């Protein structure tokens, strides 16, 4: 899913965070965000928040499910825009149909990566399939650096193969880990991986010491460098560590998503589904979306169109009455 909030925050809403003084690990607590109307899906958002806006270039993490899906609760996300980012769609259960304005048509399935580079601008839709009875997964965004944010949009689909390390199963989604490289495009030094830990497993994972890392607990509790993270919590570990120690409880397995990268050295302005560098730039993105797509003035403009989608595109929310502020 993308950000479907009808009133996206003009500043990052504070979510509780606490740092373990003994280990230096910061635990970021999720906040529940309803997407759309009263019957819409709810997600648990850990990034961004006041305590932390980015981990490497990762700038957005929504975690959802497992949620039962029926006709009323199915995912129905109409065409909507993106700029200046990559969307990383990763499922643990269910199936979602993706269409976009560069002509891509693909399924998002468990263990398979759908990576969309928005660049200068793209639109896409996401709809759960009729056979889906449960949805469980994560939607993540990567901010594009200034030199790549006007790249032509494109789409990739990859199936990372599992590797085994100290009893754990690792799937490298983006970047390189354990000497295994992903074929997914990255414009800054990044890593993303799913790690499945059997009950009682303890691993010492070699990582890049120049990266900061985040560990999102999906199922089961996981201890990160000695600090426990509960399901849906995000454990942050600063740069300077060449080994990351992860441990599952003795009586239950754990599954986590690992994200990381070199600290992102640029300020971004992030509102709704746009990432820019100034208030004025985001205002212009919104104006173009409303004029070109919603009003139908130029279906071949910045965001393009999705002729194969049966329905209308999603109008942008109203802008706040104050200037959008950059995030470090």
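Of note:
- Selection from region 270-281 of residues that are touching a helix residue (DSSP H, G or I) at 6+ places or on another chain (Cβ under 9 Å) and over 13 Å from residue 60 (Cα atoms): 276
- The selection criterion, being under 17 Å from residue 47 (Cα atoms), surrounded by fewer than 20 Cβ atoms within 10 Å (Cβ to Cβ), out of contact with any strand residue (DSSP E or B) (no Cβ under 6 Å at 6 or more places or on another chain) and at pLDDT 95 or above, does not hold for residue 284.
- Residue in region 293-311 that is modelled with pLDDT of 95 or more and part of a helix (DSSP H, G or I) present: yes
- Candidates 47, 85, 28, filtered to the one that is in contact (Cβ under 8 Å) with a residue 60 or more places away in the chain, buried (at least 24 other Cβ atoms within 10 Å of the Cβ), touching a strand residue (DSSP E or B) at 6+ places or on another chain (Cβ under 8 Å) and closer than 27 Å to residue 311 by Cα: 85
- The listed residue being buried (at least 16 other Cβ atoms within 10 Å of the Cβ) and assigned to a loop (DSSP other than H, G, I, E, B), out of 223, 241: 241
- Checklist (1) surrounded by 15 or more Cβ atoms within 10 Å (Cβ to Cβ); (2) under 25 Å from residue 220 (Cα atoms) applied to residue 252, failing item: (1)
- Members of region 102-135 that are surrounded by 24 or more Cβ atoms within 10 Å (Cβ to Cβ) and farther than 26 Å from residue 218 by Cβ: 122, 123
- Strands (runs of 3 or more DSSP E) within region 90-181 that include 1 or more residues modelled with pLDDT under 95 and over 30 Å from residue 298 (Cα atoms): 134-143
The values are calculated or read from the model by the stated rules, or taken from the named source; none is laboratory data. All of these numbers come straight from a predicted model, not from anything done at the bench. Positions of Cβ are generated from backbone atoms using ideal geometry, with glycine treated the same way; all protein chains shown enter the neighbour counts.
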